[in-house]
Structure formats: structure tokens, C-alpha cells
1. Quick one: how many residues across the stretch 41-67 are surrounded by 17 or more Cβ atoms within 10 Å (Cβ to Cβ), within 16 Å of residue 155 (Cα to Cα) and modelled with pLDDT under 95?
2. Have a look at 300, 296 and point out the one that is buried (at least 19 other Cβ atoms within 10 Å of the Cβ), outside the structural domain of residue 116 (by TED's automatic domain parsing), modelled with pLDDT of 85 or more and over 25 Å from residue 262 (Cβ atoms).
3. Residues being at pLDDT below 90, surrounded by fewer than 18 Cβ atoms within 10 Å (Cβ to Cβ) and within 30 Å of residue 168 (Cα to Cα): count how many of those fall in the stretch 303-341.
4. Please pick out the residue among 227, 161 that is touching a helix residue (DSSP H, G or I) at 6+ places or on another chain (Cβ under 7 Å), assigned by TED's automatic domain parsing to the domain that holds residue 259 and at pLDDT 95 or above.
5. Which one is nearest to residue 163 (Cα to Cα) among residues in the stretch 201-214 that are in contact with a helix residue (DSSP H, G or I) (Cβ under 8 Å, 6 or more places away or on another chain) and free of Cβ contacts under 8 Å to residues at least 60 places away in the same chain?
6. Does at least one position in the stretch 70-91 carry a residue that is at pLDDT 95 or above, in contact with a strand residue (DSSP E or B) (Cβ under 7 Å, 6 or more places away or on another chain) and on the phi > 0 side of the Ramachandran plot?
7. Restricting the search to the stretch 106-130, which residues are more than 19 Å from residue 55 (Cα to Cα), assigned to a loop (DSSP other than H, G, I, E, B) and over 15 Å from the mean Cα position of the chain (by Cα)?
8. Among the residues of the stretch 152-187, write down those that are surrounded by fewer than 16 Cβ atoms within 10 Å (Cβ to Cβ) and touching a residue at least 24 places away in the same chain (Cβ under 8 Å).
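The values are calculated or read from the model by the stated rules, or taken from the named source; none is laboratory data. As the structure is a prediction and not an experimental result, all values here were calculated from the model. So basically every Cβ, Gly included, is an ideal-geometry build from the backbone, and we count neighbours across all protein chains shown.
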């Protein structure tokens, strides 16, 4: 029996897209799983096309992500209109076109992702492989490497191990059996010292102030909690805080919001047992901007101009209490009073 799923139906379809006379750009909203997936796809394409690059649409500010790019020699370019015109075809990994405004402007030939598919935003690409049951997109790309008999080098294997580790939160979030298989397989080739060096670079010392602010602003909401900060230097601090607060005893979900680049960004985390965090994010914010995700992790981004003239903190609590209070006018009135705190 094969160690991984047999991709005989997918491999010929993928390879048929690759032409020696064409240049490909792999786009990512850069995080460890996306970066590792892009590096793996580049390895698959590199000898089959004229040129292949990796472009990120977001600013990379988290120290561990910066360390990953530097130590694993990931050749990133910031996506601009000038960069786009240099390429013939475009691939998207660990994301879908509706997840970012810049993605929506591009016609993708290839999409490989593990996030849930939105009925309102179907993916249109010549080749697509979307598997919401997988804990990490890096696992899907590991399957492709294995099926193509490509042995990952030290740097690529380390990137994929870190991608699986971060997106499954060391297998504390929902994952598939294949995620464990991929992790085990990749540890034959990775460099543990490089991985530890990346893991130990998670925080800027300047970000410690946000922990102080969050402790003062935290609101306990039943078995969950919420925090709304003001302006933040990077949305990555919201991710770090959301992961941190989920470690509190008897807290099964949380949401952490802040303002960055003229947008209210809210990060959701959950234990994946009762509340579907992706559905909560969509219920709260889908009418105002991109919102949704997995059962245990989700994200929403809302332009400040869409907040109905409310302060971001007031808007966040307003949306939460309104979603919670839909069936009761009395509770809704109470919830609006909470917004004024």
C-alpha cells in the first residue's frame, strides 16, 4: 500500500499545465504554511517551465516568518503590478482568490488549498485541488512531491515540517491522519537545528506592550473571550494573542481585533469541539468584508469606512452581541448598551 494517497488523477492534469515557454508566479498571503507550500510547488515546476517566482501580497513582520524566509532561503518578491506583467501564468497556494483583494484581480491557472470552499465565491481555475479536511496545505504539497518521486531537500523539508507544525498548532488543532504521515515522512530529511532557530524567533520585544493592553481590555464572554486593541504594528500580533488566550483554563474560543492598514482585523481561535469559529466569523462580519475560516481558526477584515461610523471596538462588540441576541429584542437592547462601554 502506498504511504500517501495516489494522485494519478491529479498529476497528469497538473503537469499538462507546465510549459517550457511560460513563466509562472506563485502567489501567497505569506505565513509558514503558505511559504512552505509555495517552495514545494516551485520545486515541482522549476525544471518544467521557463521561470517560476514566489510573490507575497502581505508585509512579513513576524520574526519567525522573517527567520524562516532568511534561513530557508525562500526567494520572495513583493507583488506589484510591475511584477505581475512579467509572468504568463499564476498559481495560488494555501488560499483562494476571494481571500485577498489582490488575488481577485488575477486569473489563476492553479489553486491548491485546504480552507473551506465558499458557495458565494467558487474557485475558477484550470487546475484546483482543495481539501478542507487537511490540517495544513503543506501536507497536500508533500503528497505531490511523494507522488512525483521528488525527495525534498533539507531546506524544503524543514519548511514543510514548520508549515504543518504551525497550521495544526503541533497537532492541537483539527488535523487529518495524512498530516501526521507527512510530518513523519518529512522528518527524515529536515534540519532540526534550523527548525528550532525559527521557532525561537516568534516575538519582537516591541510587541510586549500589546500583551499589557490586551490584559486591560479583555472581556470574558461565557466560555470565550474577546479583546479589541487599537492600532497595531502588524496583524501578526493579533494571531499571537489569539493563540495565547486560548490556553486559559475553561476558555474554548476567543477573538482578538485590532486596526491595521485602515482595516479592522479580527482573529478567531477555538478548540474545535463545540463552536464553529469559521461560521461565527462569517455571521459577525461577512456582510462587511472577507470573513470565515475553519472550525477552529478564522479571520475577518473590514475596511474602517464600512463600520457605520462606529469606533472599531464598539463595532466589534456590536456585531458579536447582535449575533448572540438575534432571537431576543430585550437581549439585543442590552447588547447595544454594552457597545457603549
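1. So the answer is 3.
2. 296
3. Here the count works out to 2.
4. 227
5. Once the filter is applied, the top-ranked residue is 207.
6. Checked against the condition, which is being at pLDDT 95 or above, in contact with a strand residue (DSSP E or B) (Cβ under 7 Å, 6 or more places away or on another chain) and on the phi > 0 side of the Ramachandran plot, the stretch 70-91 yields no hits at all.
7. Selection gives 118, 119, 120, 121, 122, 123, 124, 126.
8. 153, 154, 171, 187
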